[in-house]
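The values are calculated or read from the model by the stated rules, or taken from the named source; none is laboratory data. This is a predicted model, so every value here is computed, not measured. For neighbour counting, all protein chains shown are included, and Cβ atoms are generated from backbone atoms with ideal geometry for every residue, glycine included. Ligands, DNA and RNA are stripped out before the accessible areas are found, and what is left, the full protein with its side chains, is counted by its heavy atoms. Shrake-Rupley method; radii C 1.70, N 1.55, O 1.52, S 1.80 Å.
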Amino acid sequence: MDMLNLIEEPIKKTMKKNENLAEMEKQIKIDRISNLPWDVLDTILVRLPLRDAARTSILSSKWRYKWTNLSQFILDDKCIHNFISDKASRWIEIRKIIDQVQSNHNGPIEKFKLAAYCCPNYSDLDQWIRFLIEKGIKELIIQEFSVIKHFKLPDSVFCGPKLSHLELYGCILRLPSSFKGFDCLKILQLSHVLIISDALEHLIRNCPVLEKLTLLNLQNLAYIRIYNPNLKYVKIDSAFEDICLEHSLLLASVDIRMLPTTLQHPDQGKVCTLIRVFGSLRGINRLSLSNQFLEFLANKDVPEKLPTPFNSLLALELKEIRFASLKGIAASISILRSSPNLKDLLVTVDPCDEISKPVMDLVTAQLQSDFYFDQLKVVKIRGIIGTRIEWEFLRLILAHSPVLESMTIVKFRGERISESFLQEVERASNHVKFISLAL
């Protein structure tokens, strides 16, 4: 009996070991990734570039069309082979992706972004946008192509009840009579879009939760009227004739660059436009304005200070400043003197050799005035060429900024200004660090 046990015991151990090995092999053969819930797989795959996600189709027949069911599609230059340079051919590659998705996709699509160097076939693009709306798209982003050839945006876009983020490029935007608004839209960006002023106003007004608005290269608008009490961020870089912001009281960040327009300025009334546009916007903490827009604001007598100060303004950028422009400099100084809590100032200069006596007189008079930028700590001035007016403006800032900590000066022509020379300029703060550079 003992001999029998001695024989059976090793046999049992061997059988047990083999069973364990078989179980391990069985576990190895199980494709754990493929058996993950689809929402988990989708979360993983959308983090990959689409081209890499599409490569999973070679793993097995089970994976062949998984990538076509993603909830997000980013079609950019990474989706196209580098050796394809022809713009029409590049669109053909994008269309192949679109066709596969349309043929195999089940479920919702939350985000689509087109940002590729190509020449779209607008019939294809129209059909694809309609498909996305049917899929309940939330983020529809169409960015810059190689060329602008305006296409009519399909009316179905305005029936997208779930849209929360809409960016459009190079299209003709006409609101259908049935348009009631985008109830969920928080971000709107229009670039090189053809739209009339009334339609733009109606669109903005009927987005009740809109927070961020960007208008780029919209041409020859009679006016931009922004009526949206929820709006917090506005960026405008377009040609327009007049602007109204007074009904957007929550605005915190405003960036406006006015492009030249062929239209004639309308009669803007007896009140200075600077007061009319910004008089009721008390919550702005970041403001960026171009010289042309500043000249527009200074249509009448510009006050030394606004009736209602920018008490919340912390950062101010003055762009493309021309020191030969009396209106631009007058509006700039008025805004500066109306910003008691300003901490950061950035001025970019449009270099000009022209000497303007009215501007010189204005800056010199301000230099003698008894006022201070009590909170100003950081100043950056880029693009000066060393004219006397520029120096007087620098002196004005230094003499009236008692807590200034740093001033960066970037000179456009010739050698940089020596820090030792700047140290000799009279200033209200003894703790200024000068940084001098040259382009």
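So what's the angle, to the nearest 10 degrees on a 0 to 90 scale, between helix 326-337 and the longest Cα principal axis of the chain?
70 degrees
Using the alpha-carbon centroid of each, what span in Å lies between the stretch 216-262 and the stretch 321-357?
21 Å
Is it possible to state the helix-based mean residue ellipticity at 222 nm for the chain, with each DSSP H run of 4+ residues giving -39500 (n - 2.57), the sum divided by total residues, to the nearest 500 deg cm²/dmol? What is it? Don't skip to the answer; put the middle values down first.
Working: 12 runs with 136 residues, N = 439.
Helix-only estimate at 222 nm: -9500 deg cm²/dmol.
Taking the 0 to 90 degree range and rounding to the nearest ten, how far is the long axis of helix 2-29 tilted relative to the main principal axis of the chain, both from C-alpha atoms?
Here the helix axis deviates by roughly 40 degrees.
Please compute the alpha carbon radius of gyration of the stretch 333-418, then divide it by the globular-protein estimate 2.2 N^0.38 Å. Two decimals is fine. The partial results should precede the final answer.
Values: Rg = 12.9 Å, N = 86, 2.2 N^0.38 = 12.0 Å.
Computed over Cα atoms of the stretch 333-418, the ratio equals 1.08.
List the residues whose amide H sits under 5 Å from the amide H of Val347, counting only those 5 or more places along or on another chain, with H placed 1.01 Å from N in the peptide plane.
HN-HN under 5 Å from Val347: Leu318, Lys380, Ile381, Arg382.
Between helix 357-368 and the chain, what is the angle of the helix's C-alpha long axis to the longest principal axis, kept within 0 to 90° and rounded to the nearest 10?
Roughly 90 degrees between the two axes.
Under the rule a/c < 1.5 gives rounded, and otherwise a/b versus b/c splits prolate from oblate, where does the stretch 188-310 land using the Cα gyration tensor? Intermediate values should be presented prior to the final figure.
Details: a/c = 1.68, a/b = 1.14, b/c = 1.47.
The shape class here is oblate.
Collect residues whose amide H, placed 1.01 Å from N in the peptide plane, falls under 5 Å from the amide H of Phe151; neighbours closer than 5 in sequence don't count.
Placed amide hydrogens put Cys171, Ile172 under 5 Å from Phe151.
For Cys79, what accessible area in Å² do you get when you roll a 1.4 Å probe over the heavy atoms of the protein chains, rounding to the nearest 10?
20 Å²
When the Cα atoms of the stretch 34-167 are enclosed in a convex hull and the volume is divided per residue, what value in Å³ results? Walk me through the numbers before you get to the answer.
Values: hull volume 14.3 nm³, N = 134.
That works out to 106 Å³ per residue.
Just to check I understand the Karplus step: with θ = phi - 60° and J = 6.51 cos²θ - 1.76 cosθ + 1.60, what whole-Hz values come out for the stretch 425-431, glycine and proline as x?
With the stated coefficients, the stretch 425-431 comes to 6, 4, 8, 7, 10, 8, 10 Hz.
What is the set of long-range amide H partners of Ile435 at a cut-off below 5 Å, with H atoms built 1.01 Å from backbone N?
Those qualifying (amide H under 5 Å, at least 5 residues apart or on another chain) are Met407, Thr408, Ile409.
Using the Karplus curve 6.51 cos²θ - 1.76 cosθ + 1.60 with θ = phi - 60°, what ³J(HN,Hα) values do you get for each residue of the stretch 381-396, in whole Hz, with x for Gly and Pro?
Whole-Hz 3J(HN,Hα) from phi for the stretch 381-396: 10, 10, x, 6, 10, x, 6, 5, 5, 4, 5, 5, 5, 4, 4, 4.
Please list, in order along the stretch 287-297, the HN-Hα scalar couplings obtained from phi with the Karplus expression 6.51 cos²θ - 1.76 cosθ + 1.60 (θ = phi - 60°), rounded to whole Hz, x for Gly and Pro.
9, 9, 9, 8, 4, 5, 6, 4, 5, 4, 5
Just flag the trypsin sites (Lys or Arg not before Pro) in the stretch 89-155 sitting in loop per DSSP whose Cβ has no more than 13 other Cβ atoms within 10 Å. Display every interim value, and only then the final one.
Numbers: sites: Arg90, Arg95, Lys96, Lys111, Lys113, Arg130, Lys135, Lys138, Lys149, Lys152; in loops: Lys135, Lys138, Lys149.
Taking the stretch 89-155 and a limit of 13 other Cβ atoms within 10 Å, the loop trypsin sites (Lys or Arg not before Pro) found are Lys149.
Among all lysine pairs in the stretch 324-439 that are eight or more places apart or on different chains, how many have alpha carbons less than 15 angstrom apart?
Numbers: Lys327/Lys357; Lys343/Lys377; Lys343/Lys380; Lys377/Lys433; Lys380/Lys411; Lys380/Lys433.
Lysine pairs satisfying the spacing and distance rule in the stretch 324-439 number 6.
Among (1) 24.4, 102; (2) 24.7, 86; (3) 30.9, 122, which one is Rg and Dmax of the Cα atoms in Å computed from these coordinates?
So the structure-derived entry is (3).
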